[in-house]
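The values are calculated or read from the model by the stated rules, or taken from the named source; none is laboratory data. All figures in this text were calculated on a predicted structure; none of them were measured in a lab. All Cβ positions, even for glycine, are placed from backbone atoms using ideal geometry, and neighbour counts span all protein chains on display. Surface areas here come from the heavy atoms of the whole protein model, side chains and all, with no ligands, DNA or RNA. Shrake-Rupley method; radii C 1.70, N 1.55, O 1.52, S 1.80 Å.
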Amino acid sequence: MEENNIGSILIVDDNEDLLFAAKMLMKKHAKEVTIEKDPRRIPFLVTNYSYDVILLDMNFTEDTTSGKEGFFWLKKIKEIDPQAVVVLITAFGDVEMAVQALKEGATDFILKPWQNEKLIATLSAAIKLKESYKQVEILSTKQKQLQADLKKPFSEIIGHCASMKNVFSIIEKVAKTDANVLILGENGTGKELIARAIHDRSHRANEIFVTVDMGAITESLFESELFGHKKGAFTDAKEDRAGRFEIADKGTLFLDEIGNLGLPLQSKLLTVLQRREVTRIGTNKPIPVDIRLICATNMPLHDMILENDFRQDLLYRINTVEIFLPPLRDRKDDIPLLAEHFLKVYTNKYRKSFKGFKGNALQLLQGYPWPGNIRELQHAIERAIIMAEGDELDGRDFFFLSAKPTSDKIVQNNSLNLDEVEKNMIQKAIDKNGGNISKAAKDLGLTRASLYRRLEKYGL
């Protein structure tokens, strides 16, 4: 039998001779053996350390015949760790009681005095069960993630302009490595599609791709979402839950909008990336993770470092390679390709029979600035298909694009709504400074990072 195939084991028994004999035997077959004479230390040990299997005596000196102590500590272990694998040590006459213990959560039992080979075989089988518990928990969460991913449309990346060809070249070079990648670009430029393309061309392609919108996670939920939690760790923690890092183990973790993280959360993220392990809330047990990290943001991280809004050491950690995605207004030659693609998608979705574009439709689309980038183009095509009467789209079907209010009209809005007032003042400051974000932020009394967050909030 291979050595060290059992992992970490805890043996609890008040018989010191038995503990010593068991430890000597198991040292050849387990990575780590912990022995404990006092069962009252069980809650501390199980809470603070991770064991692959626990070997627990049914009877202790205070009650050597009824087995009630064994049931009590079995229940206590299961309360702390519902997935704990517990093998009971029992005398021959207590077999019926041991069978009852199996019904209450024990994995198996071993009779004493035991045969060495029988003990090792029993513990090895228990370890396999423990591994299956872990796999079921992670696979269940991964399955939910994969089902959500299947619902995501438009997995293709479309473009033949020079800037996109450069992006494709970088993807081909970096995908085959495990280098961390930072994708920069405005909202709606397709940063997640690029991240998925890197994953699909990597050696992790058969593993899971997990997306986390960092801008949508509140500070109070950050650790729970990313690192997981134990049942009862806080009010709403009704069950053990794996965090996104655990779910992404062996696969790719995509942290979108990473520029929105505050400094305290940046520090926590950096610690995990450096140690390559996470600790669920409510436990002290580190869990190693093996992930390929891809991050994205529309914010100027290099400028934010100068203003102490982003940690330089975190940027070094996440941007081994940088990819910049150009805005759609700088990819005008790609607009007809993208428009044709979305036309096919939504023609099929809404069961319509559009042949294509006519008249000045494509010229109008190429001349529009697309502040919302590809995402806005996608929605424009969808809306036109829903509302159009004929079997081709022309310029009139996109009347709503030219109906957007100008900045002058926005500034003249006399609304007393606080969000509207703030939006108007930001627009006014940007116009006054000719689009210079640093000067506009200074006039408004904001940092560049704060202004960028507001620009994203109001879609400016």
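Things to note:
- Near the amide H of GLY356, within less than 5 Å, lie the amide hydrogens of LEU393, all on another chain or at least 5 residues away, with H placed in the peptide plane.
- Accessible area of SER50 (1.4 Å probe, protein heavy atoms only, ligands and nucleic acids ignored): about 70 Å².
- Here the spin labels are modelled as points 7 Å beyond Cα on the Cα-Cβ line, and at GLU392 and LYS76 they lie 8.2 nm apart.
- Accessible-area order (highest first, 1.4 angstrom probe) of the listed residues ASP200, ASP17, ASP431: ASP17, ASP200, ASP431
- Using R0 = 25 Å, the C-beta based FRET efficiency linking LYS352 and ARG375 works out to 0.70.
- Residue order by solvent-accessible surface for THR122, THR177 is THR177, THR122, largest first, with ligands and nucleic acids left out and a 1.4 Å probe.
- Ranked by solvent-accessible area (1.4 Å probe, protein heavy atoms only, all chains present), the residues LYS344, LYS78 order from largest to smallest as LYS344, LYS78.
- Using a probe of 1.4 Å, the accessible surface attributed to ARG311 totals some 70 Å² when neighbouring protein chains are kept in position.
- Across segment 240-289, the relative contact order, built from alpha-carbon pairs under 8 Å that are at least six residues apart, equals 39 percent.
- Accessible area of MET425 (1.4 Å probe, protein heavy atoms only, ligands and nucleic acids ignored): about 100 Å².
- Relative contact order for the chain, counting Cα pairs under 8 Å that sit 6 or more residues apart, in percent: 12
- A protection proxy built from the mean count of other Cβ atoms within 10 Å ranks the segments 365-371, 251-257, 348-354, most packed first, as 251-257, 365-371, 348-354.
- Per-pair calculated FRET efficiency, R0 = 45 Å: THR47 and LYS428 via Cβ, rounded to 0.05: 0.20
- The calculated 222 nm mean residue ellipticity attributable to helices in the chain amounts to -14000 deg cm²/dmol, summing -39500 (n - 2.57) over DSSP H runs of n ≥ 4 and dividing by all residues.
- Gyration tensor verdict on segment 353-397 (Cα atoms; rounded if a/c is under 1.5, prolate if a/b is larger than b/c, oblate otherwise): oblate
- Mean separation of Cα contacts under 8 Å, 6 or more apart, over the residue count of segment 175-240: relative contact order %: 20
- As a calculated quantity, the FRET efficiency between GLN115 and GLU16 at R0 = 25 Å, using C-beta atoms, amounts to about 0.75.
- Taking label points 7 Å from Cα along the Cα-to-Cβ direction, LYS176 and PHE400 give a separation of 4.6 nm.
- Average accessible area per residue (Å²) across the chain - probe 1.4 Å, nucleic acids and ligands excluded: 52
- Here the chain carries DSSP beta bridges of which approximately 15% are antiparallel, counting only pairs with both residues inside.
- Segment 250-290 shape via C-alpha gyration tensor axes, a/c threshold 1.5: oblate
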